[in-house]
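The values are calculated or read from the model by the stated rules, or taken from the named source; none is laboratory data. Since we're looking at a predicted model, the values are computed, not measured. FYI the Cβ positions are ideal-geometry reconstructions off the backbone, even for glycines, and counts take in every protein chain you see.
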Amino acid sequence: MVKEALVNQIVCIIYNSIMFNPINRLAAILCLLVTFNSCKQATDKNAQATNTTDKQWWKKAVVYQIYPRSFKDSNGDGVGDLNGITSKLDYIKSLGINTIWLNPVYSSPNTDNGYDVSDYRNIMKEFGTMADFDNMLKAMHERGIKLVMDLVVNHSSNEHEWFKKSSSSRSNPYRNYYHWWNAERGKPPYRYSLFDVNHDAWKYDSLTNAYYLHYFSVQQPDLNWENPKVRQEVYSIMKFWADKGIDGFRMDAYQFAAKDTTFPKFPVNGQNFMKYYAIGPHLHDYLKEMNHEVYSKYNLMSVAEGAGNSLQDAHDMVDADRHELNMAYAFDGVGVAQANGYSLIDFKNVFSRWDSAFAKKGWLSIFLANHDQARLVSRFGNDSEAFRVISSKMLNTFLLTMRGTPYVYNGDELGMTNAGFTKVSDYNDVALLNEYQHLKQTGGDLNKYLQSAGKENRDNSRTPFPWNNSTNAGFTTGKPWIGINPNYKTINAAAEEKDPNSCLSYFKKVIRLRKDNPVLVDGKYTLLDKSNPEVYAYTRELNGKKLLILLNFKSKTATANTGIDLSKAKLLLGNYPATTKSGKLRPYEALVYQL
Ligand code: NOJ
């Protein structure tokens, strides 16, 4: 863009000089000044992102994920917004984190809370304006906080101009921006839709007598990545935000973008689901092209949701020598937890396997929660009165002492719990509402469904952030868009800030520990006491420094059999007020030793 502007202006100067007219010469000089100024501004913005000499800053990052709709409402409409986030940046800074991942804030009709984008270069009205965004970004950078934006380009909203044109006629130039199947070919081969009432990913559109593909809801048509124009549109959108100075992209559902568009018949047993849906033959070509067009030109963090079908896929996506992305985001870890609990052995195996895949090259994200999962402590810990605080501290110790970039979902630093929703009217989630409809139509067990949703549904983690114990938890002066967790009277930021033993105060200590000990970022990970079903024990080692981490994942006392003599070990951190060196761990105890 800058180069283009410069070329234009040089042409303009030559033209004016040829005219030999003093007024035009003056115009030419002004022209040059304006050009240099705008070039300088663009370079300065990029410099903000690139002047950090550390091209791998994202390895040291601790990512704090903000669900903007639920974080802080500044104008009383019941919906969180950008000015709300800006007003809370000092709180975020006080946590010690240095990177924010923001769920989508682009214009959207909000079928899927922003994951249905109708204009990629604008801000959702409920969230504010572009000026609010610029102001927020500036305020983040002033505090040394980087911003990673969600990029939702497997699909757009059906209200996006591209789709409106695409669906208007078979011969429209935008027709090929999406996947269409003309009805005279018969019904398209079945594809499952994740959010559709009928589980059908093909929607018939009578205007052009054709079906369009939507892996998610009918309002989220899939973009056709085989069309080079679509890819160029996306790169141009990415540059638009990168030129504003943002620091990275989290690419939503990206593996679905590359699909087998011959749409082979789907196996009846659903086996090998991903092969038919995603990670198509061109996935790595697209990523390489994107890297060449965008990532290579800026200093951006890049992470795609999902990490492929195999460790090899994941590795290929983030192997620096291949020039694709810089960080993998694998789901196996969160996938371990089931409604009836999980096996710690499975949990350890998953994290150890993933660590080994990136032991020499590549980099992994470490997370146990996000806006698509139930609350961290309710799912992986114990949210009973007796154990909520201690188990939440233990889980955050895990997240912040593993190798990889930790992602913390907003509210988990407070030990927020599941929402306690019981009725379908409590929910907003398009996936839940459509599945409920589906079960109703097909005679499914609605009560059973709601019971399991109470434990597992993603709206559990989307309740408003509790800032204090005043009305509506200090989130809004209006009517909140979704119910507030009734336990906000005790679980809230203001109360926890005052309490040295709160989840929040402990969370800040673990972050500090990670910052003070580079061994926790780059150090080698070694699993100990592998078959212990209660304790997760591992060491981290770098340049002669070795830390031992012991985590009791259970509600009863457990023993770690690491064979390590702790008598000379120095205790760096523990989640109980007073600790012993007995090797016995109290319920959900977390200990970090320097050996
Ligand atoms: C993954 C996102 O995390 C989720 O919230 C969204 O519903 C789907 N992708 C569709 O965009």
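If we keep just the residues of region 183-215 that are among the polar types (S, T, N, Q) and out of contact with any Phe, Trp or Tyr (no Cβ under 8 Å at 6 or more places or on another chain), which is nearest to Pro228 (Cα to Cα)? Across region 183-215, the extreme among qualifying residues is Asn209. Assess whether Ala330 counts as being of a type in the set (A, V, I, L, M) and within 19 Å of Ser193 (Cα to Cα). No. Here is the figure for region 471-481: residues that are surrounded by fewer than 20 Cβ atoms within 10 Å (Cβ to Cβ), within 12 Å of Asp77 (Cα to Cα) and β-branched (Val, Ile, Thr) total 1.
For region 510-539, the tally of residues that are surrounded by 18 or more Cβ atoms within 10 Å (Cβ to Cβ), over 24 Å from the mean Cα position of the chain (by Cα) and more than 23 Å from Ala560 (Cα to Cα) stands at 1. Number of residues in region 204-226 that are more than 17 Å from Tyr174 (Cα to Cα) and within 16 Å of the ligand (Cβ to nearest atom) equals 5. Within region 556-585, being in contact with a helix residue (DSSP H, G or I) (Cβ under 8 Å, 6 or more places away or on another chain) and either touching a residue at least 60 places away in the same chain (Cβ under 8 Å) or closer than 18 Å to Lys348 by Cβ (or both) holds for Leu573, Asn575, Tyr576. If you go through region 86-96 one residue at a time, do you hit one that is surrounded by 24 or more Cβ atoms within 10 Å (Cβ to Cβ) and at pLDDT 95 or above? Looking through region 86-96, none of the residues is surrounded by 24 or more Cβ atoms within 10 Å (Cβ to Cβ) and at pLDDT 95 or above.
The helices (runs of 4 or more DSSP H) falling completely within region 87-170 that include 2 or more residues that are away from the ligand (no atom under 14 Å from the Cβ) and over 29 Å from Leu207 (Cα atoms) map to 89-95, 130-142.
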